[in-house]
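Below: one structure, written as structure tokens.
The values are calculated or read from the model by the stated rules, or taken from the named source; none is laboratory data. It should be emphasised that the depicted structure is a prediction, and the values quoted were computed from it without experimental measurement. All Cβ positions, glycine included, derive from the backbone under ideal geometry; neighbour counts span all protein chains shown. The accessibility values were calculated without ligands, DNA or RNA, using every heavy atom of the protein model including side chains. Shrake-Rupley method; radii C 1.70, N 1.55, O 1.52, S 1.80 Å.
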Amino acid sequence: MIREACPTLAPQRREHIRLLVRESGVARVEDLRRELKVSVATIRRDLEVLEEEGKVRRVHGGAVSTENRLDEAVFDDKTNQFSKQKRAIAEEAYQLIGQEESLFLDGGSTTLCLARLLKNRNDLTVVTNSLRAAAELANSEPRVILTGGELRKISQTMVGPLTSAVLSQVRVDRAFMGTMGFCLKNGLTTTDPNEAFVKGLVAEQAVQVVLLADSSKAEKVSFARVSDWDKVDILVSDQNLPPIFTKSLPKRGLKVCVV
């Protein structure tokens, strides 16, 4: 039988729960019960209180943090955020591209910066599900393949079964992808399951996956999981990237470029 913690310690216990959920991004009731040695009912009551305070959001079987969760801005707003860092990241990413390569660009605002650097490259084939990237390259040199699919208006990307039908038929040399959030434990996450599915499929099809993500995305967790770090070959970020990533990711076989 589980011995309940003293009621006077409830605030401290809830603060502990809040920190655990914030660190992981998501936590299961059963894991919290074992960690704190209290009953499931106590954990559920604590999560109710924390949800009322706006610190977590309860989901089936557990809770997700609202303190480090990223909500998606409309595309034009995203392009104006951290614009200097995004340009520097795109310029670094451009140096990775060789001759006669096939590339995938997803719908991220940093990958759009990269698309603008490709306009004079007539030796490249660019596959993209981004309307903005396709429009940027429409009257320029690279060969462009637009995936098609259902338009997701907030990100200006094509997603869904029709998109996957095209992507399953191609294999690109490099995939340049953005993300809404990334952390060591949960890998890459984004806001929409359809978007996450497309990104995950691309990660499976590409010879090399390059994540372009400014440091504001670090240690953030969003709703839909894209992939683990084992699907990523290179992370390109800015100088404010927390040191834990530059120390831990190379041990997992990733190259980390900080600009």
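Out of segment 148-178, which residues are open to solvent by 10 Å² or more (accessible area, probe 1.4 Å) and of a type in the set (S, T, N, Q)?
Gln156, Ser164, Ser168, Gln169 - these are the residues of segment 148-178 that are open to solvent by 10 Å² or more (accessible area, probe 1.4 Å) and of a type in the set (S, T, N, Q).
Go through segment 203-234 and report how many residues are among the hydrophobic types (A, V, I, L, M, F, W, C) and in contact (Cβ under 8 Å) with a residue 40 or more places away in the chain.
10
Take the residues in segment 87-107 that are farther than 16 Å from Ile234 by Cα and in contact with a helix residue (DSSP H, G or I) (Cβ under 9 Å, 6 or more places away or on another chain); name whichever of them is least open to solvent (accessible area, probe 1.4 Å). Can you show your working first?
Kept after step one, since they are farther than 16 Å from Ile234 by Cα, are these residues of segment 87-107: 87, 99-102, 107.
Remaining after also requiring in contact with a helix residue (DSSP H, G or I) (Cβ under 9 Å, 6 or more places away or on another chain): 87, 107.
Values: Arg87: 124, Gly107: 8 Å².
For segment 87-107, the residue satisfying everything is Gly107.
Residue by residue, here is whether (1) over 21 Å from Leu114 (Cα atoms); (2) of a type in the set (D, E, K, R); (3) not in a strand (DSSP E or B) holds:
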| site | (1), (2), (3) |
| --- | --- |
| Ile145 | no, no, no |
| Leu162 | yes, no, yes |
| Lys199 | no, yes, yes |
| Ser248 | yes, no, yes |
| Lys251 | yes, yes, yes |
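Based on this model, can you work out whether Lys185 counts as in contact with a Leu (Cβ under 8 Å, 6 or more places away or on another chain), surrounded by fewer than 18 Cβ atoms within 10 Å (Cβ to Cβ), among the basic types (Lys, Arg) and over 13 Å from Phe104 (Cα atoms)?
Numbers: in contact with a Leu (Cβ under 8 Å, 6 or more places away or on another chain): no; surrounded by fewer than 18 Cβ atoms within 10 Å (Cβ to Cβ): yes; among the basic types (Lys, Arg): yes; over 13 Å from Phe104 (Cα atoms): yes.
No; evaluated as a whole, the condition is false for this residue.
Here is a check on your reading of the model: is Val236 closer than 14 Å to Gly108 by Cα and modelled with pLDDT of 95 or more?
On the way: closer than 14 Å to Gly108 by Cα: yes; modelled with pLDDT of 95 or more: yes.
Considered against the rule, which asks whether it is closer than 14 Å to Gly108 by Cα and modelled with pLDDT of 95 or more, Val236 comes out as yes.
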